[in-house]
Amino acid sequence: MAASIAYVGGHLQNGVNFCMGQSYKQAIWVPSVTFNGCLQRELSWSCGVSKFLQIRKCNLFQSRTNENWKSFGTVITSAYSRDGSTKYFDFAVIGSGVAGLRYALEVAKHGSVAIITKAEPHESNTNYAQGGVSAVLCPSDSVESHMQDTIVAGAYLCDEETVKVVCTEGPDRIRELIAMGASFDHGDDGNLHLAREGGHSHHRIVHAADMTGREIERALLEAVVNDPNISVFKHHFAIDLLTSQDGSDTVCHGIDALNTETQEVVRFLSKVTLLASGGAGHIYPSTTNPLVATGDGMAMAHRAQAVISNMEFVQFHPTALADEGLPIKPKKTRENSFLITEAVRGDGGILYNLSMERFMPLYDERAELAPRDVVARSIDDQLKKRNEKYVLLDISHKPREKILSHFPNIANECLQHGLDITQQPIPVVPAAHYMCGGVRAGLQGETNVHGLYVAGEVACTGLHGANRLASNSLLEALVFARRAVQPSINHMKSSSLDLSASSLWTRPLVPKSLGSDVMHKILRITKEVRKELQSIMWKYVGIVRSTSRLQEAEQKIGKLEAKWETYLFEHGWQQTMVALEACEMRNLFCCAKLVVSSALARHESRGLHYMTDFPHLEESKRLPTVIFPSSHTTGTWSSRQLHQQPIVKSMV
């Protein structure tokens with residue numbers, strides 16, 4: 001794994017040219033993987049990824065049929081093999097959040113769709129999103145203003161073309177949701193009630209009280225359930241993408257998944273695959289993400305030779321509920337931290353330390369309305385200086401009726417633990433919340449892996465730059481899910497499937513042969529290793545970083561991973577064996593290493609990435625961090641696909 005930041009000028013060996021804004025940058029890749037000559041052209045983040053994929057598609061997808069991939073009709077009515085362990089679809093969607101569901105509803109008009117989701121369909125980051133969706137829907141607001149707010153929050157690392165696309169198309173995506181039955185709050189004038197959050201210069205947050213994600217998920221799931229072309233496979237854990245090598249090109253043909261209820265491995269072959277699997281919050285011990293957020297999509301894509309970008313920018317939400325400060329402590333440790341939405345500060349909430357001293361004006365003139373990276377660092381500084389474990393967020397000076405109508409979910413949760421937010425301040429602490437980096441995508445969600453598209457938190461589109469603006473995540477997911485539709489349909493129509501192709505890849509094995517005693521030991525060790533990895537990430541790769549501590553994290557993670565893998569294989573584990581806990585651990589290791597590698601490559605402080613030994617923002621380093629594909633065969637278990645990639649040749 002090699003991370004690099006592109007710099008202006010010079011000619012780097014095996015370099016790829018990227019155009020960011022008006023100036024051209026160059027990025028280093030790992031020389032063990034080569035791509036064809038068309039990559040040497042000058043490319044922008046958004047149009048550039050699109051262009052190089054289009055250039056390569058012109059001599060690839062027009063003649064995709066080959067000796068291994070014979071025609072199987074134009075559109076597939078979902079087909080199963082006799083034993084039910086291989087399934088064929090036109091489109092495979094990994095993830096059931098807003099991005100995956102919205103995309104599925106559109107492509108289902110053109111073919112069969114499988115939605116593969118790790119737990120229950122509603123269990124996604126979308127469902128936990130409280131604040132809302134940002135969009136320009138007020139006459140006094142403007143697309144230009146939304147763009148400026150996004151770019152400023154992103155520490156000027158955002159791709160301007162991507163920002164323009166998202167901010168321009170956002171309002172239409174909101175109207176589509178409303179037309180599909182999503183119900184948002186309205187004001188006394190009958191218009192949508194638009195809230196304001198940190199980093200926003202206008203009221204532009206569309207919301208459903210403080211449960212916006214839940215309402216969007218409800219409306220989309222209802223539509224999905226009623227669509228005959230969509231099949232939902234719940235409790236199916238995505239293991240690895242099924243890829244082949246066609247010359248210098250990597251091609252995606254679907255995915256292997258583990259049915260965690262039956263312990264059966266199911267192979268999904270598809271013409272198009274969309275990764276919409278969310279983030280990797282559980283590389284940290286405290287996160288607002290649900291348990292399913294273990295970076296599965298990012299890790300799978302990296303193993304499948306997809307380009308990864310900006311993984312150092314991990315957003316810590318400034319205000320997660322601090323259970324230690326509640327009058328009545330929860331009876332058991334939460335699986336994920338309870339989020340106190342940005343909208344509380346947007347509605348006038350004030351942050352105090354435990355001496356009831358307001359501190360945000362000391363750090364930023366925007367005070368509580370500063371972007372999340374600023375607020376999280378400020379809280380972190382207060383906690384360290386004062387040796388305290390949480391700060392207080394007070395909204396009690398606002399009218400009781402307004403608080404209860406805007407934040408009913410938060411009020412109810414706190415009241416269950418003896419705290420009345422209409423009269424008392426809320427104890428809060430930062431928690432891992434959102435990955436601004438991910439699988440590098442173009443303006444239509446396309447990646448450098450043919451047939452693989454990405455949308456939502458798993459993607460790095462260039463929108464968020466070095467720090468995501470509040471409520472831009474659901475917006476990005478909606479916009480890119482929609483933009484990925486037409487190219488996916490085009491790809492599906494020009495592609496074909498072979499019912500015998502399933503044998504091209506070795507099937508993963510469920511470790512029944514190891515016996516229950518050995519598996520119990522492996523699961524116990526894996527649980528301990530998971531906690532240790534999370535502890536390392538929080539201690540050394542948290543809100544404030546340094547080169548020496550990142551290097552220490554790199555060494556500790558490497559040793560921990562080697563120790564864990566050695567234990568597995570000494571107890572009979574095989575390279576192709578799969579179990580939910582082991583595969584999640586594999587993905588957590590992969591994502592943690594991607595974050596550390598990216599962080600070590602950025603020698604400045606920008607947005608969410610703050611380095612004590614590089615405390616200033618450097619204009620010359622206003623460039624994305626890029627991790628290029630590495631060898632298929634080297635590295636640890638977490639870095640390799642379980643199967644060997646078959647090599648196919650296109651018929652011209």
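Listed conditions (1) open to solvent by 20 Å² or more (accessible area, probe 1.4 Å); (2) in contact with a His (Cβ under 9 Å, 6 or more places away or on another chain); (3) modelled with pLDDT of 95 or more are all met by residue 329, apart from (3). Restricting segment 366-380 to residues that are within 17 Å of residue 539 (Cβ to Cβ) and open to solvent by 10 Å² or more (accessible area, probe 1.4 Å) leaves a set whose member that is nearest to the chain's Cα centre (by Cα) is 377. Pairing each residue of segment 405-416 that is assigned by the TED database to the domain that holds residue 194 and crowded, with 19+ Cβ neighbours inside 10 Å with any residue that is assigned to a helix (DSSP H, G or I) and not hydrophobic (A, V, I, L, M, F, W, C), provided the two are 6+ apart or on different chains, yields no C-beta distance under 8 Å. For residue 562, the stated conditions hold: it is of a type in the set (A, V, I, L, M), at pLDDT 95 or above and open to solvent by 20 Å² or more (accessible area, probe 1.4 Å).
Please specify each residue of segment 346-364 satisfying the condition of being more than 22 Å from residue 418 (Cα to Cα) and out of contact with any His (no Cβ under 7 Å at 6 or more places or on another chain). Answer for segment 346-364, where residues must be more than 22 Å from residue 418 (Cα to Cα) and out of contact with any His (no Cβ under 7 Å at 6 or more places or on another chain): 346, 348, 357, 358, 359, 360, 361, 362, 363, 364. Figure legend. Inter-residue proximity from segment 215-242: first residues touching a residue at least 12 places away in the same chain (Cβ under 8 Å) and closer than 16 Å to residue 101 by Cβ, second residues part of a strand (DSSP E or B) and polar (S, T, N, Q), beta-carbon distance below 6 Å, spacing 6+ or different chains. Indicated pairs: 236/259.
Looking only at segment 445-457, decide whether some residue is within 29 Å of residue 152 (Cβ to Cβ), over 17 Å from the mean Cα position of the chain (by Cα) and of a type in the set (S, T, N, Q). No, segment 445-457 contains no residue that is within 29 Å of residue 152 (Cβ to Cβ), over 17 Å from the mean Cα position of the chain (by Cα) and of a type in the set (S, T, N, Q).
Go through segment 302-326 and give me each residue that's open to solvent by 20 Å² or more (accessible area, probe 1.4 Å) and either among the aromatic types (Phe, Trp, Tyr) or touching a Gly at 6+ places or on another chain (Cβ under 7 Å) (or both). The answer is none; no residue qualifies. Whether a residue is in contact with a helix residue (DSSP H, G or I) (Cβ under 8 Å, 6 or more places away or on another chain) and outside any loop (DSSP other than H, G, I, E, B) was assessed, and residue 169 passes this test. Looking across 299, 293, 276, one residue alone is touching a helix residue (DSSP H, G or I) at 6+ places or on another chain (Cβ under 8 Å), over 16 Å from residue 117 (Cβ atoms), buried (at least 24 other Cβ atoms within 10 Å of the Cβ) and touching a residue at least 60 places away in the same chain (Cβ under 8 Å). It is 299.
Okay, residues lined up against (1) without any contact (Cβ under 8 Å) to a residue 12 or more places away in the chain; (2) surrounded by 24 or more Cβ atoms within 10 Å (Cβ to Cβ); (3) hydroxyl-bearing (Ser, Thr, Tyr); (4) touching a Pro at 6+ places or on another chain (Cβ under 9 Å):
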{"position": "385", "(1), (2), (3), (4)": "yes, no, no, no"}
{"position": "388", "(1), (2), (3), (4)": "no, no, no, no"}
{"position": "400", "(1), (2), (3), (4)": "no, no, no, no"}
{"position": "428", "(1), (2), (3), (4)": "no, yes, no, yes"}
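Test residue 338 against the criterion of being among the aromatic types (Phe, Trp, Tyr) and surrounded by 23 or more Cβ atoms within 10 Å (Cβ to Cβ), and give yes or no. It is false that residue 338 is among the aromatic types (Phe, Trp, Tyr) and surrounded by 23 or more Cβ atoms within 10 Å (Cβ to Cβ).
When both residues are 6+ apart or on different chains and their Cβ atoms are under 6 Å apart, which pairs have a first residue that lies in segment 139-159 and is not assigned by the TED database to the domain that holds residue 473, and a second that is in a loop (DSSP other than H, G, I, E, B) and of a type outside the set (Phe, Trp, Tyr)? Note: no pairs meet the criteria. In segment 430-447, the residue that is nearest to residue 384 (Cα to Cα) out of those that are open to solvent by less than 20 Å² (accessible area, probe 1.4 Å) and in a loop (DSSP other than H, G, I, E, B) is 436.
Please specify each residue of segment 600-640 satisfying the condition of being under 21 Å from the mean Cα position of the chain (by Cα), of a type in the set (A, V, I, L, M, F, W, C) and either within 24 Å of residue 199 (Cα to Cα) or open to solvent by 30 Å² or more (accessible area, probe 1.4 Å) (or both). Of everything in segment 600-640, those that are under 21 Å from the mean Cα position of the chain (by Cα), of a type in the set (A, V, I, L, M, F, W, C) and either within 24 Å of residue 199 (Cα to Cα) or open to solvent by 30 Å² or more (accessible area, probe 1.4 Å) (or both) turn out to be 600, 608, 623. Condition test on residue 479, is it among the β-branched types (Val, Ile, Thr), under 23 Å from residue 289 (Cα atoms) and in contact with a Phe, Trp or Tyr (Cβ under 7 Å, 6 or more places away or on another chain)? So residue 479 does not fit the description; no.
The values are calculated or read from the model by the stated rules, or taken from the named source; none is laboratory data. Not measured: the values here are computed from a predicted model. Positions of Cβ are backbone-derived with ideal geometry, glycine not excepted, and every protein chain shown enters the neighbour counts. Accessible surface is based on the protein model in full, side chains and every heavy atom, while ligands, DNA and RNA are left aside. Shrake-Rupley method; radii C 1.70, N 1.55, O 1.52, S 1.80 Å.
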